[in-house]
1. Quick check on the protein assembly as shown: what does the Kirkwood estimate of hydrodynamic radius come out to from the alpha carbon pairs, in Å?
2. Can you sort B:126, A:38 from fewest to most other Cβ atoms within 10 Å of each residue's own Cβ?
3. Averaged over peptide B:118-127, how many Cβ atoms belonging to another chain are found within 10 Å of each residue's Cβ?
4. Counting each DSSP H run of 4 or more residues in the protein assembly as shown as -39500 (n - 2.57), what helix-only mean residue ellipticity at 222 nm follows after dividing by all residues, to the nearest 500 deg cm²/dmol?
5. Across segment A:1-74, how large is the tail of the calculated P(r) beyond 16 Å, expressed as a percent of all Cα pairs?
6. I'd like the projected area of chain B, averaged over all directions, using the convex hull of its alpha carbons. Report it in nm² with one decimal.
7. Once you average over the residues of B:102-114, how many Cβ atoms of partner chains fall within 10 Å of each Cβ?
8. Among B:117, B:83, A:85, rank each residue by its count of other Cβ atoms within 10 Å, from fewest to most, as a rough exposure measure.
C-alpha cells in the first residue's frame with residue numbers, strides 16, 4: 001500500500017496536468033469562436049435560441065421589456081435562458097438577474113410596476 | 001513608504017492578480033487566519049477598484065455597463081468598510097456576526113464582478129467567480 005502511494009500521486013498530477021491543458025485549449029477555442037462571431041455584422045435573429053448570446057444581461061432585460069412588459073424576475077430569467085444568455089455555473093441566474101434589475105432601476109431605465117417590487121417595466125420618463 | 005500602483009486593464013489580468021478567498025466555516029478561527037483573510041480581501045478590493053477605474057472613463061454615460069461598474073465600485077467600498085470592522089482579536093458572537101456581514105458584502109462584490117465580466121468577457125465568468 002505504501003509503495004502505491006507515489007504512483008497514485010503521479011497519476012493524479014498527470015491527470016490534473018492533462019485537464020489543465022484541455023481547459024486552456026478550450027478557453028483559446030472559445031475566444032476564437034467569440035472573435036469569429038463578433039466579426040459578423042448585424043444582429044442574431046430575434047427568434048433564435050441564441051438571441052441574447054452577445055448581449056449583456058441588462059441589455060437583454062431591456063430588449064425583453066420592450067416587447068413584453070411588465071415582467072416578474074422568474075419570467076425574465078426564463079426568457080433570458082431561452083435566448084441563450086450566458087450566466088456561468090457559479091452564480092445562479094436568480095442572483096444575476098436580480099442584481100442587474102436593481103442596477104437598471106438605479107439608473108432609471110426600468111421601474112417597479114407594483115409596490116411589492118415583484119414586477120418590472122420600462123421606465124416611462126426618458 | 002512606497003505605494004505600488006496597480007494597473008489592471010482586462011478581466012484576464014483581474015483573474016491573474018486576485019487571490020481566492022475562503023471564509024472559515026469552523027467555529028474557532030485563529031488571529032492568523034483573520035489577518036490572512038483580511039489581507040486577501042484587501043488585495044482583491046484593490047484589483048477590482050483598479051479595473052473599475054480603468055474601464056469607467058470609457059463607459060457610455062447612463063448605460064447599463066456604467067451602472068454596473070459603479071455598483072461594483074460601491075460594493076468594493078462596502079467590503080472595505082466591513083473588513084475594517086473585523087479585528088484580529090477574534091472572539092465571541094459579536095465578532096462572528098461581523099465576519100458574517102463581511103462575507104455577505106464580499107458575495108455582493110463577487111456578484112457585481114460577475115456581472116461586469118458577463119458584459120465584457122462572458123467566457124471568463126466562471127474563472128473570475130472561482131478566482132475571487
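Values quoted throughout were computed directly from the atomic coordinates according to the rules given, and no laboratory measurement underlies them. If you're wondering where the values come from, they're calculated on a predicted model, not measured in any experiment. Cβ atoms come from the backbone with ideal geometry, glycine included; neighbour counts cover every protein chain shown.
1. On the way: mean 1/r = 0.0485 Å⁻¹.
Kirkwood radius, the protein assembly as shown: 20.6 Å.
2. Values: B:126 17, A:38 9.
Going from sparsest to densest Cβ surroundings: A:38, B:126.
3. 6
4. Values: 9 runs with 159 residues, N = 258.
Here the helix-only value at 222 nm equals -21000 deg cm²/dmol.
5. Values: 1902 of 2701 pairs.
It works out to 70 percent of all Cα pairs.
6. Working: hull surface 34.6 nm².
Averaged projected area of chain B's Cα convex hull equals 8.7 nm².
7. Values: counts 0, 0, 0, 0, 0, 2, 2, 0, 3, 8, 2, 1, 8.
The per-residue average across the peptide is 2.
8. Working: B:117 23, B:83 18, A:85 27.
Ascending number of Cβ neighbours within 10 Å: B:83, B:117, A:85.
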